[in-house]
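Please read the structure below before turning to the comments.
The values are calculated or read from the model by the stated rules, or taken from the named source; none is laboratory data. Here the structure is a predicted model, which means the values were calculated and not measured. Cβ atoms come from the backbone with ideal geometry, glycine included; neighbour counts cover every protein chain shown.
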Amino acid sequence: MSAIQDWQGRRRRGAMTESQQGLVQSADWKRPSVRWGLGGTQTALLVLLVIVGLGPILWLAKAAVTPTQDTLSNPMAIFPHGADWSNISGAWNEVDIGLYIWNTVVIAFGSWLCQIVVATTGAFALSVLAPKWGRVITAALLTTLFVPSVVLLVPLYLEVVHPPVIHHSFINSYWAVWLPAGASAFNVIIMKRFFDNLPREIFEAARIDGAGPFRLFVSIVLPMSKPILGVVSIFAVLASWKDFLWPLLVLSDPSKQPVSVRLPTIAGQTDLGVFLAAMLIACLVPIVGFLIFQRSFLRGTGLSGALKG
Amino acid sequence: MAAICFDGVSKIYGDGTCAVDSLDLDINEGEFMVFVGPSGCGKTTALRMVAGLEEISGGRVVIGEREVNDVSPKDRDIAMVFQNYALYPHMTVAANLAFGLKLQKHSKAEIERRVQDAAVALDLEDYLQRKPKALSGGQRQRVALGRAIVREPAAFLMDEPLSNLDAALRVQTRGEILKLQKRLGTTTIYVTHDQVEAMTMGDRIAVMRKGVLQQIGTPQELYTRPANTFVATFIGSPAMNMVPAGAIGIERDALLAGFRPEHIRVGVAGDGVFGFEAVVELVEYLGDERLAHVRLDERLLTAKLPADQQLETGATIAFTVPGQAVLLFDAETGLAVDAAS
Amino acid sequence: MTAGAEPIQPALPPRPQTPPARARIRRSPISWIRDGGLSRLAFLLPLLLIFAAFSWYPIVRLVLISFQHTNEITTTWVGFQNFSEVLNDPLFPIAVKNTLEFAGLALLFGYPIPLVAAVLMSEVRKRRGLYAALAYLPVVIPPVVAVLLWKTFYDGGPGGVFNTILGWVGIAPQSWIQSTSQAMPSLVLESTWANAGGTIIIYLAALTSVSPELYEAASVDGAGLWKKIWHVTLPQMRTVLLVTMILQIIGTAQVFLEPYLFTSGGPDNATLTVLLLIYNYAFGNSLGAAYGQAAALSLMLVGFLAAFSLIYLRATRSWSDE
């Protein structure tokens, strides 16, 4: 059973038994000491989570529409002299935050596409078509898990500046961000494990039905892999949204930079209120995405405890 | 419809294991052929070589007039029913049935017609828009059958298609598959480890063991004239009793005597009737008959006796077996020996 | 019994003798293609090209560069000179010490807190999703935004966010990231805030996988709440605890963003980490890029992390494989 199916199974079981069993049993809950002690602790935890998890973002939302002077002199006061909506329009018009968010979207989309193409086709070949030298390739993929991508900064950077074969620098081209993103062994291996656990009989049935490798991939394997595609997609997009150092190195043209790279510069050049408004806008897309795809986010994170590279 | 011929077919895996050892077998047009044997006997491998899912290491497989060793599965004009059904989980029943036809580039109307016909034949009309997940085990099984029949292939290959059904449903579906096969007249190879299934379904049965074909024949031939001790004890339930010939008074060396439980009666040996004395160990009352487990020397024998036959546990009783019911086997090779010789 | 079995068989026409195992013997290009070799290659191509270009080749090149002096035009071999230069760099021990300090503090803050939170959350009866979402929210904030936001919070003046809050309870303003002694803990605090949510979710997943029957059995055996945590929950979570610890060590050993954006390694190199040093060698040096030294230090980091990666791979294999 794959880790994912396994985990989903546990979740479902967990959900079903949520109100029934666990560390603390229903009978225990009836005891006043447990009810007040544990119940109180949990309420305290909720308050703490609201303050810690939500607090900074709420503060940012407040400060984004507060006059800079108020934020500087009394950061915790709530609108002492009313709101200042011009910060938002300033962030949009003067700082041009929309452009950088668009750049981020373009980068995230390309990175996602590259990762999905490499991971699905590669895992399909390794798992389903099973070439003779598949084990060698898998081993070579596993080895790269030992090398965190940040330590490859120098050779990768030199390669992008002076690519072998093609003698044209990729600096300031999005390809310099998109293509290296595809080299994620974690994606390929998690995908391969999923494919490994799909029933072989179904592939054989499809072969007898007349499906060649391409048809098998498109009509059978991909549709059966929606859960894992969702997880990998979310992590691909999130990782590229979060990325800072690599785009900073290879995208030196400010008009091409994603919002993460741009923000530190904006911090030094702009009025604090406008800067905080820009930060708020930069947060909104991932937060909204998280609220929509909350289940997949949490499922994927639980899974990454099992096999994150 | 087509005949299928195994011509010295072998399957040897990379590590040297021989799953099927030069199998020679002719399956006639329209015949229902059952491959039966214990697990690991090579029956499924043999079937998969016909399907094209296993490479053929030696010999040739002929479907109709054509050697298919190097023909890809889709071009062999066969359809397969898998043990776990292998339905496409993300497609509706209708799409499952239509998938192969679409790949064969049939016209929309033709696909529609064939799917509809199969749905009617298998009583699946109400479920065409459902996904396999929303079906019962028996319905999934019928979809798997449907996927085979819409193809209108030259042969059906069925790999233990009933093993995931409960006992009652299995008996019912057994009959339905048979009726369907007789109506369509399509050559069928049916793999099972269940000898009852084999006996009730097969026009002919091929018994296999450790990759070697033991015997091929009609159910009656296998039951009455097993070629060796393996077939003798594998076919029939309870299994045939097998004792050294001397134990029932046949004075010939190095032979085994085999006789079926239903041929044993209480009584004393006489002309043309062999006899032996055995200790009654356990008697099971089955309503219409009694199964007596008796000990002859160190061997446990089973006797199927009339329900009104009273037996006392622990007693030593004289039993008889008619001479024509006793089969003789070479103790060394296990091969059947002609009783007359 | 089987050896000489003479099955009753229908007569067959004589067949041509075909050698067994013919597939292994001849492998002409044509049979390779018919065997699906082309499509296998086509499906593998994206993976092979991308990994060759952006993973395997750079790894090899990293090793090469570490033995070279290179700028973007010329290259000379220098043996172990880069390594000795790094080892003799006075900043090197500082960076190692700081990185270890960061990792140690991160474990101290970031290891027990999520575990306690997850155990409490797993017993929540209503709206568990709300708890999980709140805990996870900081993880989805882009790290750059998080760091820059906290940089505002850490403002050392009396009007800073944190100093204002401290002022409510009568504590004097702190200088936070501007002080050599407080800078590193401040970085760790932000990093814990940003990452704890992920760890909590991993723990939660592991906790829900503990079979309720075990708890019931323990209850029947007379175990109280603490005994159940100690004897059932924690042993069941051994692997997860190991995995999260190693993930955290591997992650913190590569810490870059916080020191880079908060303090640029200051004040007085108090937050200079190994990765920041690598970055400075390669890209932060106005006198010219010392790629060789950056590569040498990277290689040393890889060697250090490989040990942990090995433990990690072994732990997850036994855990996640069937």
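Per-residue answers, yes or no, for (1) aliphatic (A, V, I, L, M); (2) within 14 Å of chain C (Cβ to nearest Cβ); (3) surrounded by fewer than 17 Cβ atoms within 10 Å (Cβ to Cβ); (4) closer than 29 Å to B:GLN215 by Cα:
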site: B:PHE276; (1), (2), (3), (4): no, no, no, no
site: B:VAL280; (1), (2), (3), (4): yes, no, no, no
site: B:GLY287; (1), (2), (3), (4): no, no, yes, no
site: B:THR302; (1), (2), (3), (4): no, no, no, yes
site: B:GLY314; (1), (2), (3), (4): no, no, yes, no
site: B:VAL326; (1), (2), (3), (4): yes, no, no, yes
site: B:PHE329; (1), (2), (3), (4): no, yes, no, yes
Members of region A:252-280 that are at pLDDT 90 or above, touching a Pro at 6+ places or on another chain (Cβ under 7 Å) and over 14 Å from C:VAL147 (Cα atoms)
A:GLN257, A:PRO258
If we ask which residues in region C:247-267 are under 19 Å from C:ALA196 (Cβ atoms) and hydroxyl-bearing (Ser, Thr, Tyr), their number turns out to be 1
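Residue-by-condition table, conditions (1) surrounded by 19 or more Cβ atoms within 10 Å (Cβ to Cβ); (2) within 14 Å of chain C (Cβ to nearest Cβ); (3) out of contact with any Cys (no Cβ under 8 Å at 6 or more places or on another chain):
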| position | (1), (2), (3) |
| --- | --- |
| B:GLU197 | yes, no, yes |
| B:THR200 | no, no, yes |
| B:ARG204 | yes, yes, yes |
| B:GLU284 | no, no, yes |
| B:LEU305 | yes, no, yes |
For A:ILE88, indicate whether it is within 14 Å of A:PRO258 (Cβ to Cβ) and either crowded, with 19+ Cβ neighbours inside 10 Å or not hydroxyl-bearing (Ser, Thr, Tyr) (or both).
no
Considering residues that are surrounded by fewer than 19 Cβ atoms within 10 Å (Cβ to Cβ) and hydroxyl-bearing (Ser, Thr, Tyr), the number found within region C:165-206 is 4
Sole exception among (1) among the aliphatic types (A, V, I, L, M); (2) within 11 Å of chain C (Cβ to nearest Cβ); (3) closer than 30 Å to C:PHE256 by Cα for A:VAL95, by number:
(2)
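Do the conditions hold for C:LEU148, that is, is it out of contact with any Pro (no Cβ under 9 Å at 6 or more places or on another chain) and at negative phi?
Values: out of contact with any Pro (no Cβ under 9 Å at 6 or more places or on another chain): no; at negative phi: yes.
Judged against the criteria, C:LEU148 is not a match.
Looking for whichever is surrounded by fewer than 20 Cβ atoms within 10 Å (Cβ to Cβ) and either of a type in the set (A, V, I, L, M) or within 26 Å of B:LYS179 (Cα to Cα) (or both) here; the options are B:ALA239, B:ALA257. Which one fits?
On the way: B:ALA257 fails: surrounded by fewer than 20 Cβ atoms within 10 Å (Cβ to Cβ).
One residue alone meets the criteria, B:ALA239.
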Does region B:133-154 contain any residue that is part of a strand (DSSP E or B), of a type in the set (A, V, I, L, M, F, W, C) and under 23 Å from the mean Cα position of the chain (by Cα)?
no
Please note which helices (runs of 4 or more DSSP H) are completely contained in region C:79-125 and include at least 1 residues that are modelled with pLDDT under 90 and over 30 Å from C:TYR279 (Cβ atoms).
C:112-122
Return a yes/no flag: does region B:128-135 have any residue that is crowded, with 18+ Cβ neighbours inside 10 Å and touching a Gly at 6+ places or on another chain (Cβ under 9 Å).
no
Unmet requirement for B:THR44, which otherwise passes all of (1) in contact with a helix residue (DSSP H, G or I) (Cβ under 6 Å, 6 or more places away or on another chain); (2) β-branched (Val, Ile, Thr); (3) within 12 Å of chain A (Cβ to nearest Cβ)
(1)
Given (1) within 8 Å of another protein chain (Cβ to nearest Cβ); (2) under 24 Å from A:LEU38 (Cα atoms); (3) surrounded by fewer than 21 Cβ atoms within 10 Å (Cβ to Cβ), identify the lone condition not met by C:TYR131.
(3)
Within region B:83-121, track down each residue that is at the interface with chain A (Cβ under 9 Å from one of its Cβ atoms), crowded, with 19+ Cβ neighbours inside 10 Å and more than 13 Å from B:ALA148 (Cβ to Cβ).
B:TYR88
Top-ranked residue of region C:218-252 - restricted to ones that are among the charged types (D, E, K, R) and over 19 Å from the mean Cα position of the chain (by Cα), ranked as surrounded by the most Cβ atoms within 10 Å (Cβ to Cβ):
C:LYS228
Checked region A:212-233 for anything under 15 Å from B:MET91 (Cα atoms), free of Cβ contacts under 8 Å to residues at least 24 places away in the same chain and within 11 Å of chain B (Cβ to nearest Cβ); matches are A:ARG215, A:SER219, A:ILE220, A:PRO223, A:LYS226
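Going residue by residue through region B:16-38, is there one that turns out to be within 14 Å of chain A (Cβ to nearest Cβ), surrounded by fewer than 17 Cβ atoms within 10 Å (Cβ to Cβ), more than 29 Å from B:PRO219 (Cα to Cα) and more than 20 Å from the chain's Cα centre (by Cα)? Walk me through how you get there before you give the answer.
First pass over region B:16-38, keeping only residues within 14 Å of chain A (Cβ to nearest Cβ): none.
Checked region B:16-38: no residue is within 14 Å of chain A (Cβ to nearest Cβ), surrounded by fewer than 17 Cβ atoms within 10 Å (Cβ to Cβ), more than 29 Å from B:PRO219 (Cα to Cα) and more than 20 Å from the chain's Cα centre (by Cα).
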Given (1) buried (at least 16 other Cβ atoms within 10 Å of the Cβ); (2) modelled with pLDDT under 90, number of the condition C:PRO143 does not satisfy:
(2)
Could you list, in sequence order, all residues of region A:150-205 that are facing another protein chain (nearest Cβ under 7 Å), part of a helix (DSSP H, G or I) and of a type in the set (Gly, Ala, Ser)?
A:ALA205
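Going through region B:49-64 one residue at a time, which ones are over 12 Å from B:ALA19 (Cβ atoms), assigned to a loop (DSSP other than H, G, I, E, B) and without any contact (Cβ under 8 Å) to a residue 60 or more places away in the chain?
Within region B:49-64, B:GLY52, B:LEU53 meet the criteria.
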Taking the condition of being closer than 29 Å to C:GLN254 by Cα, at pLDDT below 85 and not polar (S, T, N, Q), how many residues in region C:163-201 meet it?
2
Close pairs (9 angstrom Cβ cut-off, 6 or more residues apart or separate chains): more than 14 Å from chain C (Cβ to nearest Cβ) and part of a loop (DSSP other than H, G, I, E, B) in region A:75-86, at pLDDT below 75 and surrounded by 13 or more Cβ atoms within 10 Å (Cβ to Cβ) anywhere:
none
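So how many residues does region B:175-200 have that are within 12 Å of the chain's Cα centre (by Cα) and closer than 21 Å to B:ALA51 by Cα?
Of the residues in that region, 6 qualify.
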